[in-house]
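The values are calculated or read from the model by the stated rules, or taken from the named source; none is laboratory data. Owing to the predicted nature of the structure, the values given are computational and were not obtained by experimental measurement. Counting neighbours? That spans all protein chains shown, and the Cβs are built from the backbone with ideal geometry, glycine included. Side chains are part of the model used for accessible areas, which takes the heavy atoms of the whole protein and leaves out ligands, DNA and RNA. Shrake-Rupley method; radii C 1.70, N 1.55, O 1.52, S 1.80 Å.
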Amino acid sequence: MKLGTKFIHAGVEPDPTTGAIMTPIYQTSTYVQQAPAQHKGYEYARSQNPTRTALESAYAAIENGAFGLAFSSGVAATDAVIKLLSPGDEVIAINDMYGGTYRLFTKIFEKFGIRFHYVSMQEADNVRPLINEKTKLIWTETPTNPLMNIADIEALANIAKEHKLLLVVDNTFASPYLQNPLDLGADIVMHSATKYLGGHSDVIQGCLVMNDPALREQLYFIQKSCGAVPGPQDCFLVLRGIKTLHVRMQRHCENGERIAHFLRQHPKVGRVYWCGFEDHPNYAIAKKQMRGFGGMMSFTLKDDRIEEAKRVLSSTKVFALAESLGGVESLINHPASMTHASIPREERIKNGLGDSLIRLSVGIEDVDDLIDDLNAAIG
Ligand SMILES: *Cc1c(COP(=O)(O)O)cnc(C)c1O
């Protein structure tokens, strides 16, 4: 089945009692049993909810996986993955990652004796020297947030297999429209469904998709034992969002390309970070593993003072100054003080994320209005 058809029909069957084409919102906490332990597969809504079940099948289908699991946020999904580990275990993580993931790793899980090594994954072989007998998992994100670096998923998967490690890919930025990490050998795909999957800036949710039934059992056990499950209304919103993913992503990509090139030729713009430029350091890998380049990008101004960046950030009228990404509306963001404020400045600068970097989540408005808006703001 082609992507567009899959995104509309994935996981969704007409409601068996009424034929409703849209999955009903099963707003219930429990289910009546015929006799003790005799039921229709649903006992208590932390463990199972039919709206969530439909969404979980959709998650599996859109990532070409066997199983999907929904969580109350993207970080809750990440949290569940790290709970597969035990004290003393080690993780190799990409150095340029979502700030909240870094915070969860360093401030929560290090306390419980799990060690994280951070490394640039622009060369997959960079992870090799960090592998030892305690290493259990490689955590990567590609394209990265906000510098749009690319990691070679297939190369990392080969290294992971060689050493019997789990490879987990945060696929939030690409979305399943552009990239399917399980097809490239990853063990688990993670999404902040808050972003492109939901797509309308109205829900917080996360998911995991995997192929291995044993891994699914372990993660399902963590999901129900730790309880970070989304409610049925939120599941409905994401199910609805996924139906238009391909149409939205197509426009995100078109608008993204126009804006990346507009920024690059602007006399006041310094460097533009977008993985669709042919001179992007990992363009060949991006082209190999992605179907397009999306609407996420970052840039600096030639006048690199932070005051100048802040002036631009507060001057746009169509681009809203806000955290998050992947919604229909365009957003502008200052990673150093907003999405990535939880990363210590020294660490941030070392990884190439400067104080004056500006990040854009290009929406699906008319691109001419977006260009006019940026042009006026940059001045
Ligand atoms: C937003 C985001 C997350 C965290 O997801 P939440 O839904 O906010 O908990 C993780 N990774 C990436 C790349 C993100 O953009």
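A few remarks follow.
- For the range 252-265, the tally of residues that are farther than 25 Å from Ala186 by Cα and surrounded by 18 or more Cβ atoms within 10 Å (Cβ to Cβ) stands at 7.
- Set side by side, the residues Leu178, Leu197, Leu182 differ, and just one is open to solvent by less than 60 Å² (accessible area, probe 1.4 Å), out of contact with any Ser or Thr (no Cβ under 9 Å at 6 or more places or on another chain) and within 14 Å of the ligand (Cβ to nearest atom), which is Leu178.
- Taking the range 26-83 as the range and being within 16 Å of the ligand (Cβ to nearest atom), outside any helix (DSSP H, G or I) and open to solvent by less than 60 Å² (accessible area, probe 1.4 Å) as the test, the residues that pass are Glu63, Gly68, Leu69, Ala70, Phe71, Ser72, Ser73.
- Top-ranked residue in the range 84-112 [being part of a loop (DSSP other than H, G, I, E, B) and modelled with pLDDT under 95; ranked as nearest to Asp234 (Cα to Cα)]: Tyr98
- Only one of the listed residues (Ile332, Ile364) is part of a strand (DSSP E or B) and either surrounded by fewer than 17 Cβ atoms within 10 Å (Cβ to Cβ) or modelled with pLDDT of 90 or more (or both). That residue is Ile332.
- Neighbours by Cβ (under 7 Å, 6+ apart or cross-chain): first from the range 88-106, in contact (Cβ under 8 Å) with a residue 40 or more places away in the chain and more than 18 Å from Ser120 (Cβ to Cβ); second assigned to a loop (DSSP other than H, G, I, E, B) and within 15 Å of the ligand (Cβ to nearest atom): Gly100/Ser342; Arg103/Ser342
- Considering residues of the range 303-321 that are assigned to a loop (DSSP other than H, G, I, E, B) and at pLDDT below 95 only, the residue surrounded by the fewest Cβ atoms within 10 Å (Cβ to Cβ): Arg305
- Among the residues making up the range 201-222, those that are surrounded by fewer than 24 Cβ atoms within 10 Å (Cβ to Cβ) and within 14 Å of the ligand (Cβ to nearest atom) are Ser201, Asp202, Val203, Ile204.
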